[in-house]
Amino acid sequence: MEQSYLIMPCRRSQPLDDTGRAILEALATFTEPAGCKEIATKAGLDTRKVMGKLRSLLNHGYVDRPVKGKYVITDKGREAVSK
């Protein structure tokens, strides 16, 4: 019996949508690297949503991860939220 599969394209989200901006704005208030839960609380977002979006922000250079599980906003990130 032949099976057919529906191939769905990978959904690529824009790193600087409302969620991305909220994360960057929250990160800008921290003086030390922050974890996903801290960022989510500060931004008023679900932790799982923050975890997923941080990968995109990291890949686009808006945040950095100086230690495992902790994030800081980069100059590029600060510039993006100051506009």
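The values are calculated or read from the model by the stated rules, or taken from the named source; none is laboratory data. Because the structure is predicted, anything quoted here is derived from the model rather than measured. Cβ placement follows ideal geometry from the backbone for every residue including glycine, while neighbour counts extend to all protein chains displayed.
The number of residues in the range 61-77 that are out of contact with any helix residue (DSSP H, G or I) (no Cβ under 8 Å at 6 or more places or on another chain) and surrounded by 12 or more Cβ atoms within 10 Å (Cβ to Cβ) comes to 3. Scanning the range 60-83 for residues that are part of a helix (DSSP H, G or I), under 18 Å from ASP18 (Cα atoms) and either free of Cβ contacts under 8 Å to residues at least 12 places away in the same chain or in contact with a Ser or Thr (Cβ under 7 Å, 6 or more places away or on another chain) (or both) gives GLU79, SER82. Which ones in the range 67-83 are touching a strand residue (DSSP E or B) at 6+ places or on another chain (Cβ under 7 Å) and more than 19 Å from ALA40 (Cβ to Cβ)? Once the filter is applied, which keeps residues that are touching a strand residue (DSSP E or B) at 6+ places or on another chain (Cβ under 7 Å) and more than 19 Å from ALA40 (Cβ to Cβ), the range 67-83 yields only THR74.
Looking at the structure I just gave you, is LYS37 under 18 Å from ASP64 (Cβ atoms), modelled with pLDDT of 95 or more and not in a loop (DSSP other than H, G, I, E, B)? Lay out the reasoning, then the answer.
Values: under 18 Å from ASP64 (Cβ atoms): no; modelled with pLDDT of 95 or more: yes; not in a loop (DSSP other than H, G, I, E, B): yes.
No.
Suppose we keep only residues that are under 14 Å from the mean Cα position of the chain (by Cα), over 15 Å from ARG78 (Cβ atoms) and part of a loop (DSSP other than H, G, I, E, B) within the range 1-32. Which one would you say is modelled with the highest pLDDT? Of everything passing the filter in the range 1-32, ASP17 is modelled with the highest pLDDT. Would it be correct to say that ARG48 is exposed (fewer than 15 other Cβ atoms within 10 Å of the Cβ) and touching a Cys at 6+ places or on another chain (Cβ under 9 Å)? Considered against the rule, which asks whether it is exposed (fewer than 15 other Cβ atoms within 10 Å of the Cβ) and touching a Cys at 6+ places or on another chain (Cβ under 9 Å), ARG48 comes out as yes.
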